[in-house]
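Below you'll find the structure, written out as structure tokens, and then a few comments.
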Amino acid sequence: MSLISHLYRGELAEWCVDRFTGSKEVAGRISAETRNRDAVRPPVGVEKRHWSHVNRAFSIRMAALVQAAPPYAALLGLVSTGLVSRDWAHYQAARYPTHAELSPTERRRALDLRPTTHGWTDVNRGSAFVPAPYYHEGYQAEPVLADLFDRMRAYFAAHAPLGQLGSERGLARLCSLLAAFKYAYRNDSLDEPAFRLFRNGVPTVEQLHSAAVDDATTDELVALARRLDESGALAELRRLAGDPPPGQPLGYAGPTFFHHWTDNDLVITGPAGGTLIDVHTAIATNKTAQSRLWVWKLLTSAWLDTADSYQVHSVGLYFARQGALITWPVDELADILLEGGDRDAARDEFRALAEQLRIQERPIRATAPLKPGRHTIAVTAVITNDRGRVLVARRRDTGLWKVPGGVLGLDEPIPTGLRRLVEEETGVVVEPERLTGVYQDVGLGMVALVFRAHIADGEPASTEDSSEVGWWPADRVDTELGQVIAVNVRDALAGQAAVRLHNGDRLLSN
């Protein structure tokens, strides 16, 4: 679950209701500053999906005004559908101006890297994407989509100057297409017209463009861009950025915080620091329940920037239909919401609760089947020292001991994934030697590949993921780690090439 999902329900929602007792005052300001403005409206009778689509598309347009960065969520959406490989998406991300100066090694992971005021942050947590079952295999769409992205990059470079309006009609059509791809990042893409084209083959660029874009939506996005300029909001964004010269970025697009747990739209950076801004295209801005969620997400996202990656000192909401930009200094907004409560104590309490919930989710994401009828692939390394003892690690999130390993990311090479996962849990770099077993969990939908491996560099130590590491004799592994893990280790120590079935901790085949 993302941060906004937790703010809608569960412990974080309860915490905010209990602590942010001044939410009504903030909601009142939002209503007052947008009430008497003539809103840009869509045509009568639009579908429900139209509202969220326009919000996504205009957020993408705003991002392009601020920074010439990859459309991160759109590329991730294409990966999550299985239409393209993750390597393809990394290659595309690396071709955007923000990422062009990365080293060759970094360019191979460009989609995972986001620029910040301190350098780069890595948002990849090793999550696995599973291709949607209704699309064809083999990444046949990559050449057409590469052509599409080449054309889009060229068009944005020529017609979307940073900090200024450009050829808004053409830009609106491209942002609408990117919004369709972005939708697939966190949603089922079956209902998106652009994705329906792929079920029976690979469409042309022109067919994709026609399916995802209509004149009414284009007109609306153009009107929203004009409202941004005419209302003075665009000039205010430039002012917040310190009025940089033409062609210079205003800040950062697509900032992400807290291990990619929360995504926002923009950070405008200037002499006084960063202003974190979310873009909304709602017409109704007088509903307290909705307004408080918008503000809660802003403030708590700023709180969750624990590394001070963007030096956020203020936050804001931009209401695109009304042309209203409303900002608050972070501490001032916290004081209003807390009605004089201890700001630092509340921030620390929120961070601790968010960390607890994130940790609780991690084993669920790592073990639950992601699609019916599909298996998740895991890798495990059995490593011994010169006394024949087995390297094990104790996870911080579960408190349980295990043999190091975990779930592969989609398109992550097996040796690369094995090295990454072992290093994350033990701090050592390993080299796989040989495959010693394939273990299928028929209940969980998991296939585990177990390898013998040896340490190539480093000494075992606790890490962010593991609180302890140790060398255990094989008989302790047998008695304390359960039947299935014990068999995995015994097979590896014996050098067997075993293939076995199990259901959770119960072995089904010998």
Practice task
Taking the residues in the stretch 86-126 that are hydroxyl-bearing (Ser, Thr, Tyr) and either open to solvent by less than 30 Å² (accessible area, probe 1.4 Å) or on the phi > 0 side of the Ramachandran plot (or both) as candidates, determine which candidate is modelled with the highest pLDDT.
Solution key: Tyr96
Handout entry: Test for Glu464: is it charged (D, E, K, R), over 27 Å from the mean Cα position of the chain (by Cα) and part of a loop (DSSP other than H, G, I, E, B)
Key = no
Problem - Test: residue in the stretch 352-361 that is modelled with pLDDT of 80 or more, closer than 30 Å to Leu7 by Cβ and surrounded by 20 or more Cβ atoms within 10 Å (Cβ to Cβ) - result: yes
Handout entry: Scan of the stretch 237-255 for residues that are part of a loop (DSSP other than H, G, I, E, B) and either closer than 20 Å to Ile326 by Cβ or among the polar types (S, T, N, Q) (or both), ordered by number
Key = Ala241, Gln248, Leu250, Pro255
Practice task
Can you work out which of the residues in the stretch 256-281 that are in contact with a strand residue (DSSP E or B) (Cβ under 7 Å, 6 or more places away or on another chain) and part of a loop (DSSP other than H, G, I, E, B) is farthest from Ala93 (Cα to Cα)?
Solution key: Ala272
Fill in the blank from the handout: Here the residues within the stretch 319-344 that are among the small types (Gly, Ala, Ser), buried (at least 19 other Cβ atoms within 10 Å of the Cβ) and over 20 Å from Gly274 (Cβ atoms) are Ala320, Gly323, Ala324
Practice task
Mind counting the residues in the stretch 326-357 that are under 21 Å from Gln311 (Cβ atoms) and charged (D, E, K, R)?
Solution key: 8
Practice task
List the number of the failed condition for Gln440; all other conditions in (1) in contact (Cβ under 8 Å) with a residue 40 or more places away in the chain; (2) more than 28 Å from the chain's Cα centre (by Cα); (3) open to solvent by 60 Å² or more (accessible area, probe 1.4 Å); (4) more than 12 Å from Ala378 (Cα to Cα) hold.
Solution key: (4)
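Out of Leu78, Leu65, which single residue is out of contact with any Asp or Glu (no Cβ under 8 Å at 6 or more places or on another chain), crowded, with 22+ Cβ neighbours inside 10 Å and at pLDDT 95 or above?
On the way: Leu78 fails: at pLDDT 95 or above.
Just a single option satisfies the conditions, and that option is Leu65.
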Practice task
Among residues belonging to the stretch 1-39 that are open to solvent by less than 20 Å² (accessible area, probe 1.4 Å) and in a loop (DSSP other than H, G, I, E, B), point out the one that is farthest from Ala324 (Cα to Cα).
Solution key: Phe20
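The values are calculated or read from the model by the stated rules, or taken from the named source; none is laboratory data. As the structure is a prediction and not an experimental result, all values here were calculated from the model. When we count neighbours, we look across all protein chains shown, and the Cβ atoms used for this are built from the backbone with ideal geometry, even at glycine. Just so you know, the surface numbers come from the protein's heavy atoms only, side chains and all, with ligands and any DNA or RNA stripped out. Shrake-Rupley method; radii C 1.70, N 1.55, O 1.52, S 1.80 Å.
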